[in-house]
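So the structure is just underneath, and the comments pick up after that.
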């Protein structure tokens, strides 16, 4: 039964569609195919191509041009018109007024890429063409295909940069969780490492401060001796120094000076 259903899907994918939604909607012969993909398998997150073979019958004397292609993802458990039938609409891919005039009876081939983002499953799919009528300047939405596709996951590539970024993020989260758990259930390990680091820093700081001894006030920058008064006495004449010392002695012994006056 599964093989029969797959064959029916493949036949429906190449079956021509002659769609007429309203009285003035152009009638186009449209054949939809999935190149090199007879089972209609579409890969998540990748470009999947479908090709429309469009033929404008000569009986229609109308100037038609393709202005866009869009589609929709459908819920196969719902019928057309029911609520929840359309799961997600596709973004319209614009075209710059591609003429649909048939040349030499050959249909016009128009490729279209779409990108699914669903979990693996079988889904319904619709494709629509936006066709502009040159006479009336009216844009018509013409159904080009309705069928089913099977969404699958693409094979994993271990060299994918996105996967490596996820691995690094996971390792960072695990490392943070391990450190947090260790700080709660084994605080001695975390505290010991922190204390050891602090001791190393304090020892290095003490070595730097001890290496620079305090400057003594007894030696000047030139190596000469400095008195307690704060200046160098080597360059002062000796008789000035004697007078200075005599004056200091007189000020230091005021009692003796008073006795001499008597």
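The values are calculated or read from the model by the stated rules, or taken from the named source; none is laboratory data. This one's a predicted model, so the numbers in the text were calculated from it and none came from an experiment. In this analysis, Cβ positions are derived from the backbone assuming ideal geometry, glycine residues included, and neighbour counts consider all displayed protein chains.
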Within region 156-165, residues part of a helix (DSSP H, G or I) and modelled with pLDDT of 70 or more come out as 165
Can you pull out the residues in region 41-67 that are touching a residue at least 60 places away in the same chain (Cβ under 8 Å) and farther than 21 Å from residue 91 by Cβ?
41, 62, 63, 64
Any residue in region 7-25 that is in contact with a strand residue (DSSP E or B) (Cβ under 9 Å, 6 or more places away or on another chain), surrounded by 17 or more Cβ atoms within 10 Å (Cβ to Cβ), at pLDDT 80 or above and not in a strand (DSSP E or B)?
no
Before we move on, is residue 142 at pLDDT 85 or above, under 21 Å from residue 54 (Cβ atoms), touching a strand residue (DSSP E or B) at 6+ places or on another chain (Cβ under 9 Å) and surrounded by 11 or more Cβ atoms within 10 Å (Cβ to Cβ)?
yes
For region 73-80, check the following and say yes or no: at least one residue is at pLDDT 95 or above, surrounded by 13 or more Cβ atoms within 10 Å (Cβ to Cβ), within 15 Å of residue 149 (Cβ to Cβ) and within 31 Å of the chain's Cα centre (by Cα).
yes
State all residues of region 166-198 that are in contact with a helix residue (DSSP H, G or I) (Cβ under 8 Å, 6 or more places away or on another chain) and either at pLDDT 75 or above or on the phi > 0 side of the Ramachandran plot (or both); if no residue qualifies, say none.
179, 182, 183
Give 167, 180, 115 a once-over and let me know the one that is without any contact (Cβ under 8 Å) to a residue 24 or more places away in the chain and within 25 Å of the chain's Cα centre (by Cα).
167
Go through region 40-72 and give me each residue that's exposed (fewer than 13 other Cβ atoms within 10 Å of the Cβ) and within 35 Å of the chain's Cα centre (by Cα).
41, 45, 46, 47
If you go through region 120-139 one residue at a time, how many are free of Cβ contacts under 8 Å to residues at least 40 places away in the same chain and under 21 Å from residue 49 (Cα atoms)?
1
